[in-house]
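Reading through the structure tokens given below for one structure.
The values are calculated or read from the model by the stated rules, or taken from the named source; none is laboratory data. If you're wondering where the values come from, they're calculated on a predicted model, not measured in any experiment. Neighbour counts run over all protein chains shown; Cβ positions are idealised from the backbone, glycine included.
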């Protein structure tokens, strides 16, 4: 008789908890779906960030090459100016 009472009590507690367990499982399923979606979004954003970083690196390389060319041209121009200023002035075509 005691055993029957304990079993009945356990069944009553289980019956009372069952809706809460089901609600918890449903909430867990929703959270897992949200987590999966968040992970997929993160992967997509990381790929987008990597593409942006790659594009920035490529742009930097182009800018660095352009700057090097400009520095080279400026050096050539400075050399040309120094040579012209160091050379004697050409005689004027006008007479005295």
Open item on the list: Name the residue that is modelled with the lowest pLDDT, counting only residues in segment 77-95 that are under 57 Å from the mean Cα position of the chain (by Cα) and surrounded by fewer than 10 Cβ atoms within 10 Å (Cβ to Cβ).
Closed with: 87
Task: Among the candidates 61, 47, residue that is surrounded by 10 or more Cβ atoms within 10 Å (Cβ to Cβ), under 11 Å from the mean Cα position of the chain (by Cα) and without any contact (Cβ under 8 Å) to a residue 24 or more places away in the chain - done: 47
